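The values are calculated or read from the model by the stated rules, or taken from the named source; none is laboratory data. Bear in mind the structure is a predicted one, so any value in this text is a computation, not a measurement. No Cβ is skipped: glycine too gets one built from the backbone with ideal geometry, and neighbour counts run over all protein chains shown.
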Ligand code: CMC
């Protein structure tokens, strides 16, 4: 028999259905609560609200478990490629050889952006933040592919929109980088796989052939896989909620990019490196900065530490820390900020403030050190997070559409003034 939750308000008892997920997670279904009782629930920041039922990603914050479609992140990071993981997230299964061949073919035939889009790149000041450019450029794709505006696309049309946004994103990201340098854009080439093509457009030259180091390709694949989805979070829930109004995929992803930009979310990777550099320039006294992070009168927070749901460890951070050591060694890079990061982590993990609050390094604590070693400037880090998260946003957007979820529309508890009569300006 399925479980029932009982809610007592005054002298009345209400019964609410209990929903159970495939990993045993339980939720009280309050969707009819207001009709039954006149009450709504209040949960600022959605700390304890399940906004959907999803079969894409499972996460257990207490046990530090992360799985995409049932596959542990550790196995995917070690054995898979980013594009295979993208397929898995979007279509639900690991692809066969035939399926991945077709997927790669389709992607490589949609990598070009319309030549007119170059005018947008030209219009941005060269120092403007890549995330602002990215969200505008992705949204502007809707202008070039107006068929995406149809709210009821057929399955084929919807799939074509998915392929287009996934295929064009690396071109847009690398062109943003080239623009910041004032260098000519490098066009996509069908002979390369998704990640190599991106790296070639980013680090390649028009005047000579630049060999992309396989160590760099592997590192990039690992980082992108680790960022590919993370169930409901600020940007993903934004993508779902924007899409729930029947907005097109480009507008929905663009909104996700804007949500990711903030330093409390994806923007943390840029902040971490800037923080580590600041600590290094200040003499490297980690105790001083840990004390600042604990001081409630000081706005400083230890960036790359803490997570809304991971309260034991972030499994992605474990993989990244090891990858960071490996990659720096393989590339022969000795980065002092890595030592500062390790020292900060060591001190913080022994400190009662961080222990009591269950604050551990998150995925972004070490990712920036790898991006730096690969040659990316700091302000590109969050854009790389967006590139990685794109398949997750797409999979979640598609699932929301396939489930025909209703438009997202939370309630509120109003706390403002009650009835007031209008006062003419001269009498105020
Ligand atoms: N440094 C110092 N204190 C912290 C930190 C930190 N990084 N994070 C949380 N705390 C304290 C916070 O002050 C609060 O203390 P108290 O209970 O005494 O008021 C307590 O820990 C709980 O923090 P919270 O802000 O209520 O927790 P939250 O779940 O709302 O926020 C968070 C989670 C990730 C926004 C927060 O931990 C944070 O700001 N971390 C730094 C930014 C960061 O690294 N963000 C990247 C997250 S991972 C990438 C992604 O998926 O977005």
Here is a list: 342, 288, 322. Which entry is over 21 Å from residue 225 (Cβ atoms), away from the ligand (no atom under 15 Å from the Cβ) and in a helix (DSSP H, G or I)?
342
For region 297-310, the count of residues that are more than 7 Å from the ligand (Cβ to nearest atom) and surrounded by fewer than 17 Cβ atoms within 10 Å (Cβ to Cβ) equals 5
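On the given criteria, is residue 390 in contact with a helix residue (DSSP H, G or I) (Cβ under 8 Å, 6 or more places away or on another chain), within 16 Å of the ligand (Cβ to nearest atom) and assigned to a loop (DSSP other than H, G, I, E, B)? Break it down stepwise before answering.
Details: in contact with a helix residue (DSSP H, G or I) (Cβ under 8 Å, 6 or more places away or on another chain): yes; within 16 Å of the ligand (Cβ to nearest atom): yes; assigned to a loop (DSSP other than H, G, I, E, B): no.
Against the criterion (in contact with a helix residue (DSSP H, G or I) (Cβ under 8 Å, 6 or more places away or on another chain), within 16 Å of the ligand (Cβ to nearest atom) and assigned to a loop (DSSP other than H, G, I, E, B)), residue 390 does not qualify.
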Going through region 345-358 in order, the residues found to be surrounded by 14 or more Cβ atoms within 10 Å (Cβ to Cβ), more than 10 Å from the ligand (Cβ to nearest atom) and either within 25 Å of the chain's Cα centre (by Cα) or under 15 Å from residue 313 (Cβ atoms) (or both) are 345, 349
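Working only within region 229-264, note down all residues that are assigned to a loop (DSSP other than H, G, I, E, B) and either touching a residue at least 60 places away in the same chain (Cβ under 8 Å) or buried (at least 19 other Cβ atoms within 10 Å of the Cβ) (or both).
229, 230, 231, 232, 233, 244, 245, 246, 247, 248
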Which residues, taken from region 21-50, are touching a helix residue (DSSP H, G or I) at 6+ places or on another chain (Cβ under 8 Å) and either in a strand (DSSP E or B) or away from the ligand (no atom under 16 Å from the Cβ) (or both)?
39, 40, 41
Only one of (1) at pLDDT 95 or above; (2) farther than 15 Å from residue 316 by Cβ; (3) out of contact with any helix residue (DSSP H, G or I) (no Cβ under 6 Å at 6 or more places or on another chain) does not apply to residue 62, and that is (1)
